[in-house]
1. Would you mind computing the Rg to Rh ratio of the stretch 1-139 from its alpha-carbon coordinates, Kirkwood style for Rh?
2. Return the FRET efficiency for the residue pair residue 139, residue 111: r is the Cβ-Cβ distance, R0 is 25 Å, and the value is rounded to the nearest 0.05.
3. Counting pairwise Cα distances across the stretch 158-204, what percent come out greater than 12 angstrom?
4. Grab the alpha carbons of the stretch 82-168, take their convex hull, and tell me the volume per residue in Å³.
5. Which of rounded, prolate, oblate describes the stretch 9-59, given a ≥ b ≥ c as roots of the alpha-carbon gyration tensor eigenvalues and a/c under 1.5 marking rounded, otherwise prolate only if a/b is larger than b/c?
6. How would the stretch 123-226 be classified by its alpha-carbon gyration tensor: rounded, prolate or oblate, with rounded meaning a/c under 1.5 and the a/b versus b/c comparison settling the rest?
7. At 37 °C and 0.692 mPa s, grab the translational diffusion coefficient of the chain from Stokes-Einstein with a Kirkwood Rh over Cα pairs, rounded to a whole number in µm² per second.
8. Contour minus end-to-end for residue 206 and residue 259, with contour as 0.36 nm per residue of separation and end-to-end as the Cα-Cα distance?
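Rule-based calculations on the coordinates, nothing more; no lab input. Model, not experiment: these values are computed from the prediction. Virtual Cβ from ideal backbone geometry, glycine too; neighbours counted across all protein chains shown.
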């Protein structure tokens, strides 16, 4: 296990020098994207402290659906950037809310990972909604995700559906990742994002560093035996996924928990 220039052991986090030396063969001919990936993980080198279970997200595992918890906004650009780096430049295509693409610099960072854009949520301030149609894809987001999986590409979905800053409890989540797995037959890799220095009483802030653990190895839905409805099968698999994510991230999860943000959350 390598040490960085300060002598720390940080699994999955190479030195800044190695970040700029390591080849990214899947980004050959995409100089600007290579530069953005390297720059993002260099600038935020101290924000992501450890990455565990990288074998679960290797290129040899494609296609898969990555399903992490979601507690702060920087995850939306940092997790895809580190995934791209460790996969030699091969992307995991995350679903991303269109309004984040409006933000200067951050929007460019997210766009370089060729996200699946979701236009369901309104923008703030409201006048920005006049631009929403420009970001809508030719296919609905989950249909586009199925197309990419069929093409051998991996996709990422945050099942909670929004940033959940509660330090101890996950949101109930949406069934989209479970349904996508059932529809496509692609395995799911769960991921747990844990935050360093949070005392469990205060909302998770965007400035808090985190660790990520990928795995356990891909979970696949049980084959249908004809005795449960498709709706119930989706619900059962969603329960399995959220329980696995809960274990990995150290937050509790209840099937009857809140769908929207907790009162403790403060944006």
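1. Checking Rg against Rh, the ratio lands at 0.99.
2. Approximately 0.90, to the nearest 0.05.
3. When every Cα pair of the stretch 158-204 is considered, 69 percent fall beyond 12 Å.
4. Per-residue hull volume (Cα only) is 127 Å³.
5. The shape class here is oblate.
6. Here the stretch 123-226 falls in the oblate category.
7. Rounded, D is 172 µm²/s.
8. 17.0 nm
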